[in-house]
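Structure first, then comments.
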Amino acid sequence: MIIVDDNSTDETENVVTEFIKRNDNIRLIKNARNIKGPGAARNTGIEASKGKYIAFLDSDDWWENEHLKDCISILEKDKKIGIVFSECRYLNNEKVINESFFKETTILNEIPFEIFNYNPLCRRFTENIFGYLLKEYLIPIQSSVFRKELLDKYRFSEDIQIGEDRHLVIRISKEEEIDICFLGKVGCNILCHGGNIANENKDIPKTFNESLKVWIDLKSRYRYEISKKERRQINFNISNTYFGIGYYYFKEKNMFNLARDYYLKSLIYRFNFKLLKSFLISCFLPKNWIVRHFDKKYNRNR
């Protein structure tokens, strides 16, 4: 077990040191400064690892007792399998807020699969899932187990602070001829609270901009290697992200000129009448009228 302490301010170092005294299979790596985010910490762990398989777990999440055993047993059966991921449960403190992540992920049921011979709960996808991964977040890093030899060729982007895990898995699915399996039982418990990286980031435009980094990099990286359908999906994702930023400035900040700029960027990547309507409203309607309109709409819905 490798624990990367990414400049924590709690008692992590002291607690882990006590465990190390009782178990020499635990190794602590302490980063001096947290400047690169979760991708850099995970890369540190990859580079230090020596085993056959790698799994990642954030400090506030936990695996079910049999999770690693279940996933590794699947990987051991067939060397063509490169990644196994499982169902996740989401909690807020002690309260379960989502018992099944994948019940709300419709894309999973669209992917052709076969039942893995050695485990009836395991789906083995029978076609490349690159295109599906462009549509929805599908493979939670916390519940995934990778072959070490696979991650020897890849690293998390340290320039992306949110979505770096999705970015990594999409790249792997595009470039590697591997099988990927989904284990249909809860293997990981994910704690949602204010201390999570994504939750503690109150700068909404920054969160959107991190998402933009994912899609713009993928579009550039695979410009000549993707189909028209895949290119349209990436453009759709970029357009939606720009629209989200514009809508935030429009509705939450009343910054209509800035909203208009983002609506225009959204239209450049994907034209439709909803985007055009938002752009025209931000351009031509009086600001005071727009504010009163949203205030009345908000009061009606209260």
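The values are calculated or read from the model by the stated rules, or taken from the named source; none is laboratory data. Note that the structure is predicted; figures quoted are calculated from it, not measured. Here the Cβ positions follow ideal geometry from the backbone for every residue, glycine too, while neighbour counts run over all protein chains shown.
Do we find a residue being at pLDDT below 90, outside the structural domain of H167 (by TED's automatic domain parsing) and among the β-branched types (V, I, T) anywhere in the stretch 102-120? Within the stretch 102-120 (the criterion being at pLDDT below 90, outside the structural domain of H167 (by TED's automatic domain parsing) and among the β-branched types (V, I, T)), the answer is no, since none of the residues qualifies. Please verify whether the stretch 86-106 includes one or more residues that are within 20 Å of E230 (Cα to Cα), β-branched (V, I, T) and out of contact with any Leu (no Cβ under 6 Å at 6 or more places or on another chain). So far as the stretch 86-106 goes, yes, one or more of its residues are within 20 Å of E230 (Cα to Cα), β-branched (V, I, T) and out of contact with any Leu (no Cβ under 6 Å at 6 or more places or on another chain). E127 fulfils the conditions (1) of a type in the set (D, E, K, R); (2) over 23 Å from E230 (Cβ atoms); (3) exposed (fewer than 14 other Cβ atoms within 10 Å of the Cβ) except for a single criterion, (2).
Among the residues of the stretch 131-184, the ones that are surrounded by fewer than 19 Cβ atoms within 10 Å (Cβ to Cβ), of a type in the set (A, V, I, L, M, F, W, C) and either assigned to a loop (DSSP other than H, G, I, E, B) or modelled with pLDDT under 95 (or both) come to 1 in all. Flag: V84 does not match the condition of being surrounded by 15 or more Cβ atoms within 10 Å (Cβ to Cβ), more than 19 Å from the chain's Cα centre (by Cα) and closer than 23 Å to L191 by Cβ. Does F56 meet the test of being aromatic (F, W, Y), at pLDDT 95 or above and within 27 Å of K135 (Cα to Cα)? Criteria met by F56. Taking the residues in the stretch 199-227 that are assigned to a loop (DSSP other than H, G, I, E, B) and not polar (S, T, N, Q) as candidates, determine which candidate is modelled with the lowest pLDDT. The qualifying residue modelled with the lowest pLDDT is K202. Only one of the listed residues (I74, I115) is more than 21 Å from the chain's Cα centre (by Cα) and touching a residue at least 60 places away in the same chain (Cβ under 8 Å). That residue is I74. A Cβ distance below 9 Å, combined with a sequence gap of six or more or placement on separate chains, defines the contacts here; from the stretch 258-277, residues that are assigned by TED's automatic domain parsing to the domain that holds G244 and at pLDDT 85 or above reach residues that are charged (D, E, K, R) and not in a helix (DSSP H, G or I) in the pairs A259/K253.
Within the span defined as the stretch 27-39, one or more residues are hydrophobic (A, V, I, L, M, F, W, C), farther than 28 Å from G82 by Cβ, under 26 Å from the mean Cα position of the chain (by Cα) and surrounded by 13 or more Cβ atoms within 10 Å (Cβ to Cβ). Can we say E230 is modelled with pLDDT of 95 or more and in a loop (DSSP other than H, G, I, E, B)? The answer is no for E230.
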